[in-house]
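Visitor: Pasting in a structure now, in structure tokens, and then I'll have a few things to ask.
Taken together, the values in this text are just the output of simple stated rules run on the coordinates, not laboratory data. Please read these numbers as outputs of a predicted model, since none were measured by experiment. Backbone-built Cβ (ideal geometry, glycine too); neighbour counts: all protein chains shown.
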Amino acid sequence: MKLLDISNSAIKSLNVNRARSALTILGVVIGVFSVVTLVSIGRGMQNYIQDQFNALGSNLLFVSPGKADFQDDPSKALGRNKLDEKHVELIESNASELFITVSPYVVLGDNVRYKTKSFYGTVNGISYDDEKTYNYELDKGRFFTKSEQNTSARVAIIGPSIVEELFGTKNPVGNSIKLGDDSYQVIGSFKEKGRNFDDGVIVPYTSAMNTFDVPFFSSIVAKVRNTENVDLATREIKIALLKDLKEEDFTVLSQSDILSSIQNILQILTIGIGAIAGISLLVGGIGIMNIMLVSVTERIKEIGLRKALGATQLDIAMQFLIESVFLSLGGGLIGLLLGWLGTYASRTFLRTEIPWWAVALAFGFSVLVGVIFGTYPAITAAKKDPVEALRYE
Amino acid sequence: MPDNPHPLLKAENIVKEYHIDGTVIKALDNVTIEIYKGEFMSIVGKSGSGKSTIMHILGLLDTPTSGHIVLNGKEVSSFKDNQIAKIRNSEIGFVFQFFNLLQRATALENVMLPLMYSSVPKNQWAGKAKEMLKLVDLTDRMDNKSNELSGGQKQRVAIARALVNDPSIIFADEPTGNLDSKTGDAIFDLFHRLHEQGKTVVLVTHDDELAQRTERQVTLKDGVIV
């Protein structure tokens, strides 16, 4: 009996018990769906992080307060924050030739208000010479000057999301917005740069510290002149800061450090997801085996008849094995389709994608589950004695 | 006995024992049966006489505890399962008391079933099956599911199925046992017709009267030929 004929016959018999077939494959559907969805969301998160870093460039070093090892409570690190102007100077005086800029960075969230409208954005307090550090491109107006920074002038450059929400198509330059309790004059706007930047307001860091009464920097950002010197620059920053701070008071992170830390977390998450998926595939497989055994008993007369008509043990085994593979593959396909829909739906907030290997893995695993859990029922069927099978009532 | 001295199928000194709860039950005791090409014979006996057991052994569905089966001059008792299956497919046709049709399949699909396990190319399956349905006068019901057919029609589908691979022998196990007498007669006549066309037919029945209508009777009692 040819594979195609066996397949046709398998589809027919699965069709007879449609509801039962559907319920049987549920475990595999859920297993494959969760793998595909979670992998694609994991991918989306990785893409998101990568996009953020790509927007900044690879030669930035971040000095953050406290020991950032991604294990402790981050709020503790903020509590120990001691970073201020003195430390910027320490770094600059230690190895000025290594850096293009060394500048403070203050970041906080706040409602940006214009007349009656309000939009929750990110206030980025940066230095006057940092326009290029963060690769901002001005759309309208200008950046703030050194003297505005020195006098803590209330001036702001706003991102495209804020322009759209507060001003619509109107030119925002020259208008006044409210940050905290202070009025800031909009002196410019910047072009689209990515989701995490577009809701930003750029102000002199001195002004941000003033308005929001922040005594320390959120971090110090050093732009290294030569990408090859990132490691050397990291060491120099540490040497400089240890003159005033203890080792646990700060962390120097390069972009690749941050990226790999986050990727580590995602990897652990992926393993967890894999384990959950594995368990649900196992349960799904047991469900399939159970139903296939029931099916063997139900069709015992048919097995006897087929043997009487000339079916070999292999013919009978293949018939049941292919049925179980079809069940499990069907579950895999439905799971994949649902996963794809889930991925498609999550596109609105994450750049999710289903990597080809996840599709291959889902397929491979569903076939494997069908084969593994279909083998025992198939052998049971193949070994039935034809005379007893024909007599079975 | 027919003129041909070499039997088509011979079961020689067949013993069949069953072990049930430590007790040995002898279903067949040294039974020898010869079936000749083109004959219409019957194996008769009461319930428990061993007639079904000998039919299963002759039809290569079951293996004897001891003894030999010779088909077309070849000793087949020692053949492997796969070879036996092939022989069952090409040389033997079965007709059962309870028809044993696949409920979900049409009459045509049921008749095609043995062809699926044969070497006949797929494009000839439907043609051959239709030919057999014509032979049993069921052309008009070939697309009906088997549960839409009457008892007599079901048995005719089963006969068409037994004939489709043009086997050497047809074993019919109480083929009229589940039919009313009129329909049963019609089915018997069909076997008779097949015999006239040169088929070898072995009827297995408890019904002496029916057996008398065949050319030759072998009677079994308690596992022994009498």
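Visitor: Quick one: if you stick a label point 7 Å off each Cα along the C-beta vector at A:Asn264 and B:Glu75, how many nm between them?
Guide: With each label point 7 Å from Cα toward Cβ, the separation is 7.5 nm.
Visitor: Can you show me the helix-derived [θ] at 222 nm for the protein assembly as shown, built from DSSP H runs with n ≥ 4 at -39,500 (n - 2.57) apiece and divided by the number of residues, rounded to the nearest 500.
Guide: Calculated mean residue ellipticity at 222 nm is -15500 deg cm²/dmol.
Visitor: Something else now. Can you give me the angle between helix A:255-298 and the longest principal axis of chain A, using Cα atoms only, in degrees from 0 to 90, rounded to the nearest 10?
Guide: With rounding to tens, the tilt is 20 degrees.
Visitor: Quick one: what do you get for the stretch A:121-248 if you divide its Cα Rg by 2.2 N^0.38 Å?
Guide: Dividing the Cα radius of gyration by 2.2 N^0.38 Å gives 1.18.
Visitor: Along the Cα-to-C-beta direction of A:Asp385, a point sits 7 Å from the Cα; which residues of the stretch B:51-69 have their amide N less than 14 Å from that point?
Guide: Zone members listed by number: B:53-54, B:56-57, B:61-66.
Visitor: What full-extension length gain, to one decimal in nm, is calculated for A:Glu89 and A:Ser256 as 0.36 nm per residue of separation minus the Cα-Cα distance?
Guide: 57.6 nm
Visitor: I've got another one for you. Mind giving me the nanometre distance, one decimal, between the label points for A:Lys146 and B:Asn178, set 7 Å out from Cα along Cα→Cβ?
Guide: 10.4
Visitor: Roughly how crowded by other chains is peptide B:57-66, in terms of the mean Cβ count from those chains within 10 Å of each of its Cβ atoms?
Guide: 2
Visitor: So which of B:Lys16/B:Lys80; B:Lys145/B:Lys182; B:Lys10/B:Lys130; B:Lys37/B:Lys80 end up more than 21 Å apart, counting from Cα to Cα?
Guide: From B:Lys16/B:Lys80; B:Lys145/B:Lys182; B:Lys10/B:Lys130; B:Lys37/B:Lys80, over 21 Å: B:Lys145/B:Lys182; B:Lys10/B:Lys130; B:Lys37/B:Lys80.
Visitor: Straight-line reach only, C-alpha to C-alpha below 17 angstrom: list the aspartates and glutamates that B:Lys199 could link to, leaving out same-chain residues fewer than 8 apart.
Guide: Straight-distance partners of B:Lys199: B:Asp3, B:Glu34, B:Glu39, B:Glu91, B:Glu131, B:Asp166, B:Asp173, B:Asp189, B:Glu215.
Visitor: With N residues in the stretch A:199-350, what two-decimal value do you get for its Cα radius of gyration over 2.2 N^0.38 Å?
Guide: Values: Rg = 30.9 Å, N = 152, 2.2 N^0.38 = 14.8 Å.
Normalised Cα radius of gyration, the stretch A:199-350: 2.08.
Visitor: Please give the average number of partner chain Cβ atoms lying within 10 Å of the Cβ of each residue in A:310-317, rounded to a whole number.
Guide: 6
Visitor: Additional query: Which links in A:Lys115/A:Lys140; A:Lys301/B:Lys134; A:Lys117/A:Lys178 stretch past 19 Å when you go from one Cα to the other?
Guide: A:Lys115/A:Lys140; A:Lys301/B:Lys134
Visitor: Let me see the pair-distance distribution of the stretch A:177-261: every alpha carbon pair, 10 Å bin width, integer percents in order.
Guide: Per 10 Å bin, starting at zero, the Cα-Cα P(r) for the stretch A:177-261 comes out as 12, 31, 34, 22, 1 percent.
Visitor: With angles folded into 0 to 90 degrees, how steeply does helix B:151-163 sit against the dominant principal axis of chain B? Use alpha carbons for both and round to 10.
Guide: Compared with the principal axis, the helix lies near 70 degrees.
Visitor: Please compute the net charge surrounding A:Phe99, taking Lys and Arg as +1 and Asp and Glu as -1 over other residues with Cβ under 15 Å from its Cβ.
Guide: -3
Visitor: Give me the one-decimal nm value for the distance between modelled label points at A:Lys115 and B:His19, 7 Å along each residue's Cα-to-Cβ direction.
Guide: 9.9
Visitor: Then there is this: Averaged across the residues of B:100-110, what count of C-beta atoms belonging to other chains lies within 10 Å of each residue's C-beta?
Guide: On the way: counts 8, 2, 8, 2, 5, 2, 0, 0, 0, 2, 1.
Counting other chains' Cβ atoms within 10 Å and averaging over B:100-110 gives 3.
Visitor: If all Cα-Cα distances of chain A are sorted into 20 Å bins from 0 onward, what percent lands in each bin, rounded to whole numbers?
Guide: All Cα pairs considered, the percentages come to 22, 35, 21, 16, 4, 0.
Visitor: Right, another one. Kirkwood hydrodynamic radius (Cα pairs, Å) of the stretch A:308-348?
Guide: For the stretch A:308-348, inverting the mean 1/r across all distinct Cα pairs yields 12.5 Å.
Visitor: Is the C-alpha gyration tensor of the stretch B:75-128 telling us rounded, prolate or oblate? Criteria: a/c under 1.5 is rounded; beyond that, a/b larger than b/c is prolate, otherwise oblate.
Guide: Oblate.
Visitor: Give me the log10 of I(q) over I(0) for chain B at q = 0.17 Å⁻¹, as the Debye formula computes it from C-alpha points; what are the numbers?
Guide: One equal scatterer on each Cα of chain B leads to -1.26.
Visitor: Give the angle, between 0 and 90 degrees and rounded to the nearest 10, that separates the Cα long axis of helix B:81-91 from the longest principal axis of the Cα atoms of chain B.
Guide: That works out to roughly 60 degrees.
Visitor: Please list 3J(HN,Hα) in residue order for the stretch A:41-50, calculated via the Karplus relation 6.51 cos²θ - 1.76 cosθ + 1.60 where θ = phi - 60°; whole Hz, with x for glycine and proline.
Guide: Running phi through 6.51 cos²θ - 1.76 cosθ + 1.60 with θ = phi - 60° gives 5, x, 4, x, 5, 4, 4, 4, 5, 4 Hz.
Visitor: Quote the FRET efficiency, to the nearest 0.05, computed for B:Asp189 versus A:Gln50 with a Förster distance R0 of 60 Å and r equal to the Cβ-Cβ distance.
Guide: 0.10
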